[in-house]
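A.B. asks: One structure is given below, represented as structure tokens, and several questions about it will come after.
The values are calculated or read from the model by the stated rules, or taken from the named source; none is laboratory data. Since we're looking at a predicted model, the values are computed, not measured. Every residue, glycine among them, receives a Cβ derived from its backbone with ideal geometry; neighbour counts consider all protein chains shown.
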């Protein structure tokens with residue numbers, strides 16, 4: 001039986017020790033951003049059996065809950081600041097869950113400069129899934145967060161990192177049929193699914209150069225479609241330009257149908273950034289200065305707000321369902 | 001099958017139309033409190049079968065989710081500002097749920113001066129309960145939110161409104177055995193459980209006079225114990241001074257054992273306010289000016305951080321379990 005009081009007292013309170021974060025010793029936290037800074041807020045929930053596998057380790061659950069929110073902030077050009085945590089834990093959860101989960105939160109505090117402002121813990125009846133909702137506060141760049149809505153015809157579409165590893169990794173984690181692959185490739189793909197790696201540090205390059213930006217959580221094509229809809233532009237992407245890891249490339253070479261999973265599968269938590277043509281080189285250079293590789297994968301046009309992905313043969317790929325449905 | 005896209009597009013987006021609240025059309029909201037104001041944040045989750053009954057109406061679920069957070073803000077002396085919403089909806093939820101739920105949110109916006117900054121909606125598999133987590137932002141009073149920790153020996157303990165109706169109302173809603181009561185009393189008790197009424201407007205009186213304050217969600221005695229623990233004081237409460245509705249009084253007259261439910265049952269969402277003796281009259285007067293009746297129910301002492309509740313006969317009441325476990 002999960003001991004909620006003990007978890008709050010021994011695990012969460014030590015994390016909420018910065019000034020203002022009285023959330024686990026009081027009922028309200030005082031939020032004081034540095035002078036002159038505005039706040040941006042993102043909200044993302046992860047649920048067992050939907051966004052992560054029921055058997056996932058507590059530290060990876062905590063890291064995922066934090067990182068899917070960090071990913072939003074990065075794409076908006078905002079710096080992580082702190083968060084509130086809503087945690088629903090099934091009654092049968094082992095007591096060790098609490099300490100391992102909290103240790104991973106503490107580690108994320110160090111990595112991202114976060115503080116825990118407060119939250120709420122509920123023990124839920126058997127049969128209800130574990131659920132972690134985080135409201136993450138970031139420090140807004142001057143001029144406000146970078147929106148989805150600023151893309152213009154002629155702009156260049158960039159992605160950070162490599163695409164598709166997580167979506168293929170989910171197939172590995174679920175034991176779905178895949179081509180024969182070296183063990184290190186399988187490990188790489190599964191690890192990419194289980195631990196998102198948002199491109200923290202890319203914010204200054206995004207703020208300096210982007211017309212529009214968002215993170216890729218529901219699949220490259222589907223999320224690019226959202227930018228198209230918000231901006232009123234079309235987009236044309238070359239599948240051959242989408243950056244792939246060695247593992248993803250080899251997987252798709254062995255079964256080319258899996259390229260659809262790469263492009264629409266989601267869980268990438270990389271940044272999808274639309275930059276005017278005359279700033280493209282500066283954007284890529286600035287990204288590299290901050291330790292991140294970004295790659296141009298296509299351009300925006302003035303057609304209807306749709307995404308066309310072109311295959312190796314120059315023919316449009318057909319994706320009936322561009323949006324990913326999470327299923328852990 | 002609940003249509004998440006339609007719900008977001010048709011129900012939530014119209015609510016998120018104020019500047020900055022791009023949460024349902026973008027990935028991050030800009031939070032801009034009025035000049036010179038600091039923010040306070042509270043976080044409360046309500047879950048079907050735990051905090052409300054599975055058959056509860058959508059408008060009352062929405063109102064409850066908002067009000068349990070408003071209640072925290074009021075007790076801290078903060079003014080409601082806006083919120084982020086994490087909603088988990090079982091797949092089988094009727095489509096009408098969305099519009100009724102959102103209409104109640106809209107109505108709460110008017111009542112409390114709220115705006116929806118953003119959030120996250122997830123359709124959860126059958127068997128998972130509906131869950132609503134709200135992170136509520138308020139405007140802090142000067143000097144910061146009123147804490148649990150400022151109570152001093154000799155201070156007077158006040159409560160707003162009437163206590164125990166909701167806890168008795170839960171018994172009514174569950175069909176638990178109760179004494180024979182007039183129908184209007186049963187209706188009053190059940191309505192008090194289903195729709196919390198936090199004492200909005202009491203904030204200036206709390207800020208002007210209180211040493212410590214919190215809302216009563218887990219039962220008067222248990223929550224007062226939290227103030228005692230945070231402040232390092234003892235508390236002595238006279239059960240006969242605890243303000244009761246006619247319905248609660250008649251219920252307890254017919255079955256005096258139910259006084260324990262009144263004092264420890266929870267879900268009151270009234271304010272528990274500790275005020276120095278020389279400000280007691282001014283506090284009660286200022287509360288009345290703002291339309292609220294507050295009642296002195298006891299005093300703080302310099303003993304160990306415990307609560308003693310004294311019955312009509314002057315003898316301490318025995319409450320082995322002072323904290324309420326939510327069960328819808």
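A.B. asks: For the stretch A:126-160, which positions are more than 7 Å from every other protein chain (Cβ to nearest Cβ), part of a loop (DSSP other than H, G, I, E, B) and closer than 21 Å to residue A:223 by Cα?
C.D. replies: Within the stretch A:126-160, A:146, A:149, A:150, A:151, A:152, A:153, A:154, A:155 qualify.
A.B. asks: Now, a different point. Of everything in the stretch B:276-297, what is within 30 Å of residue B:46 (Cβ to Cβ) and in contact with a helix residue (DSSP H, G or I) (Cβ under 9 Å, 6 or more places away or on another chain)? Give them in sequence order.
C.D. replies: B:287, B:290, B:292, B:293, B:294, B:295, B:297
A.B. asks: Just give me the residues in the stretch B:118-131 being surrounded by 23 or more Cβ atoms within 10 Å (Cβ to Cβ), touching a residue at least 40 places away in the same chain (Cβ under 8 Å) and under 13 Å from residue A:44 (Cα atoms), in sequence order.
C.D. replies: Listed by number, the residues that qualify are B:118, B:119.
A.B. asks: From the list A:219, A:201, which residue is at pLDDT 95 or above, outside the structural domain of residue A:58 (by TED's automatic domain parsing) and buried (at least 21 other Cβ atoms within 10 Å of the Cβ)?
C.D. replies: Exactly one residue qualifies, and that residue is A:219.
A.B. asks: Mind counting the residues in the stretch A:161-184 that are surrounded by fewer than 21 Cβ atoms within 10 Å (Cβ to Cβ) and part of a helix (DSSP H, G or I)?
C.D. replies: Final tally of qualifying residues: 5.
A.B. asks: Working only within the stretch B:124-142, note down all residues that are over 30 Å from residue B:37 (Cβ atoms) and under 18 Å from the mean Cα position of the chain (by Cα).
C.D. replies: B:131
A.B. asks: Let me ask something additional. Checking the conditions here, which among A:271, A:309, A:284 is at pLDDT below 95, surrounded by 19 or more Cβ atoms within 10 Å (Cβ to Cβ) and touching a strand residue (DSSP E or B) at 6+ places or on another chain (Cβ under 7 Å)?
C.D. replies: Answer to the check: A:309.
A.B. asks: Given the structure, is residue B:230 more than 18 Å from the chain's Cα centre (by Cα) and surrounded by 21 or more Cβ atoms within 10 Å (Cβ to Cβ)?
C.D. replies: no
A.B. asks: When you scan the stretch B:170-190, how many residues do you find that are in contact with a helix residue (DSSP H, G or I) (Cβ under 7 Å, 6 or more places away or on another chain), free of Cβ contacts under 8 Å to residues at least 60 places away in the same chain and either closer than 20 Å to residue B:61 by Cβ or within 14 Å of chain A (Cβ to nearest Cβ) (or both)?
C.D. replies: So the count comes out to 2.
A.B. asks: Out of everything in the stretch B:222-268 that is in contact with a helix residue (DSSP H, G or I) (Cβ under 9 Å, 6 or more places away or on another chain) and at positive phi, what residue ends up being modelled with the lowest pLDDT?
C.D. replies: B:266
A.B. asks: Right, another one. Being more than 13 Å from chain B (Cβ to nearest Cβ) and in a helix (DSSP H, G or I) narrows it down to one of A:103, A:65, A:94, so name that one.
C.D. replies: Going through A:103, A:65, A:94 in turn, just one is more than 13 Å from chain B (Cβ to nearest Cβ) and in a helix (DSSP H, G or I): A:103.
A.B. asks: Say whether the condition of being in the same structural domain as residue B:117 (by TED's automatic domain parsing), part of a helix (DSSP H, G or I) and crowded, with 23+ Cβ neighbours inside 10 Å is met by at least one residue in the stretch B:32-47.
C.D. replies: no
A.B. asks: Another question, then. Name the residue, out of A:108, A:78, A:91, A:102, that is farther than 21 Å from residue B:87 by Cβ and buried (at least 24 other Cβ atoms within 10 Å of the Cβ).
C.D. replies: Answer to the selection: A:78.
A.B. asks: So which residues in the stretch B:211-232 are within 12 Å of chain A (Cβ to nearest Cβ), closer than 12 Å to residue B:273 by Cα and assigned to a helix (DSSP H, G or I), if there are any at all?
C.D. replies: B:223, B:227
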